Amino acid sequence: MAGLRLGRRSGLIILFGLILVVVGIVLAPKLPHDQTVHIVLGSGAGRVSQLQVRYYGPLPDEEPGGYFAREATFRYGQGVIAPRIVDHAPRLADGDYVVEIAVSTDAGNNTVSRQVHLEEGRSTSIDVVAAINEVAR
């Protein structure tokens, strides 16, 4: 009798563990985690004084851009040259986002908007060289 109870208890523990694993697999992509985003400044990096990056995600059953999700600002003071590629790791769930990047230089400002798909294990590059060059004209 005691062996039967121990067997049922072990079976329930295993079943509960399997349920937790399945729930984790299903929910994992929907949970926020660090994404890898590279913002390419290229040869215009020396002119950049500030980058403001905003991520807008989709509302349920809607296109990306429905709600504000994250923001980051990168400032490069006098004598500090921005890197050619700015690495950013926003904490967001996998999915489609609209990324708005405001580039500031001594000559002025320009804003670029790109639709991107973020996914764990994949890096995303956003080229803003043309936006920097437009400000310089």
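The values are calculated or read from the model by the stated rules, or taken from the named source; none is laboratory data. Note that this is a predicted model, so its numbers are computed, not measured. Don't worry about glycine lacking a Cβ; one is built from the backbone with ideal geometry, like all the others, and counts go over all protein chains shown. Please note that ligands, DNA and RNA were not included when accessible areas were found on the heavy atoms of the full protein model with its side chains. Shrake-Rupley method; radii C 1.70, N 1.55, O 1.52, S 1.80 Å.
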- Note on the structure: For the range 115-124, in residue order, the Karplus 3J(HN,Hα) values (coefficients 6.51, -1.76, 1.60; θ = phi - 60°; whole Hz; Gly and Pro = x) are 9, 10, 10, 9, 8, 4, x, 10, 9, 10
- Item | Probe 1.4 Å, protein heavy atoms only - accessible area per residue of the range 60-137 in square angstrom | 63
- What FRET efficiency, computed as 1/(1 + (r/R0)^6) with R0 = 30 Å and r the Cβ-Cβ distance, is obtained for Glu62 and Val129, rounded to the nearest 0.05? 0.45
- Task: Please report the relative contact order for the range 35-134, taking Cα pairs under 8 Å with a sequence separation of at least 6, and give it as a percent rounded to a whole number.
- Result: 39
- Message: Per-residue counts of other Cβ atoms within 10 Å, averaged by peptide: what ranking do you get for 36-48, 108-120, highest first?
- Response: 36-48, 108-120
- Query: If only Cα atoms are counted, what is the Rg of the range 67-137, and what is its Dmax, in Å?
  - Reply: 13.5, 38
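Tell me, what is the FRET efficiency for Ala107 and Val80 to the nearest 0.05, using R0 = 22 angstrom and their Cβ-Cβ distance as r? Don't skip to the end; give the middle numbers.
Details: r = 18 Å, r/R0 = 0.80.
Taking R0 as 22 Å, the efficiency between Ala107 and Val80 is 0.80.
State the percentage of accessible surface on the range 56-137 attributable to carbon and sulfur atoms; use a 1.4 Å probe and exclude ligands, DNA and RNA. It would help to have the intermediate numbers written out before the result.
Working: 2210 of 5050 Å².
For the range 56-137, the apolar C and S fraction of the accessible surface comes to 44 percent.
Rounded to the nearest 0.05, what FRET efficiency do Ala72 and Ile14 have when you use their Cβ-Cβ distance and R0 = 30 Å?
On the way: r = 44 Å, r/R0 = 1.46.
Efficiency computed from Cβ-Cβ geometry: 0.10.
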- Note on the structure: The set of residues whose placed amide H lies less than 5 Å from the amide H of Ala82, leaving out same-chain residues fewer than 5 positions away, is Val48
- Query: Can you list residues whose amide H is under 5 Å from Ala93's amide H, if they're 5+ apart or on another chain and H is modeled 1.01 Å from N?
  - Reply: His33
- Message: With θ taken as phi - 60° and the coefficients 6.51, -1.76 and 1.60, list the Karplus ³J(HN,Hα) couplings across the range 85-94 in order, rounded to whole Hz; mark glycine and proline as x.
- Response: 10, 8, 8, 9, 10, x, 8, 9, 6, 4
